[in-house]
């Protein structure tokens, strides 16, 4: 559309809006309807999931108009219900049988309420809406309970469980190596215990390292472990402890015995090496 505004001898032209395409097929816009376009009558399907059944529809119609569920205007509700049923038929939706049953029930209640009551009836007939009201109240309670349960936090929807994969770590525990300072620490303990048995000697006794090596080898074997401190004769005093310690060092140097310690700062054990 072009609008011209005359101001003196000049004419101003406003910008025109281009026609919007009504469809885009494979990236190509279409602004005119094709003449050979054919749409099958069942090509369009509409799924109406607003209501889960006839009771849900009736409850919606009652709450939308703020009506009292105990005082249902049957004629008004029946008319609105039938409009919804006719709408589903016009849209060619699959009409469930329960909707038709409810329509028949509403028509029966409406007709019973329109019929005059005979004053000479022996038994007074109750309210024809009572059964419908009972079913609506029961459905409302179950629906509210379902909504409350659905509002609770749900695992996988609102709460997600953390998962951590523990890496496979297998390690072989290796006994620690026996260091010289640990040997000296064990020797110091033995020396302190030997002080308790020290006494003055009148005659000096010559102790041989070679002979003590033989005694140590006689006390140990290759199949069992012998505690390091049990190899020292405490009754010989400091001199005997020193000679025994020198004999053990010579045996280690000659690869005749080995020292084993199960853990750090643990007791030291001695075992003869196998041939």
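The values are calculated or read from the model by the stated rules, or taken from the named source; none is laboratory data. Because the structure is predicted, anything quoted here is derived from the model rather than measured. Glycine gets a Cβ as well: all are built from the backbone with ideal geometry, and neighbour counts include every protein chain shown.
Where helices (runs of 4 or more DSSP H) sit wholly within the stretch 177-275, those with at least 2 residues that are in contact with a strand residue (DSSP E or B) (Cβ under 9 Å, 6 or more places away or on another chain), crowded, with 18+ Cβ neighbours inside 10 Å and at pLDDT 85 or above occupy 237-253. Among the residues of the stretch 143-176, the ones that are touching a strand residue (DSSP E or B) at 6+ places or on another chain (Cβ under 9 Å), more than 30 Å from residue 60 (Cα to Cα) and loosely packed, with under 10 Cβ neighbours inside 10 Å come to 1 in all. Close contacts from the stretch 172-194, counting a first residue that is more than 13 Å from residue 260 (Cβ to Cβ) and a second that is part of a helix (DSSP H, G or I) and modelled with pLDDT under 80, with Cβ to Cβ under 6 Å and a gap of 6+ residues or different chains, come to none at all. Any residue at all in the stretch 78-100 that's within 30 Å of residue 267 (Cα to Cα), over 39 Å from the mean Cα position of the chain (by Cα) and at pLDDT below 80? Scanning the stretch 78-100 turns up no residue that is within 30 Å of residue 267 (Cα to Cα), over 39 Å from the mean Cα position of the chain (by Cα) and at pLDDT below 80. Restricting attention to the stretch 156-171, the residues that are over 24 Å from residue 260 (Cα atoms) and modelled with pLDDT under 80 total 4.
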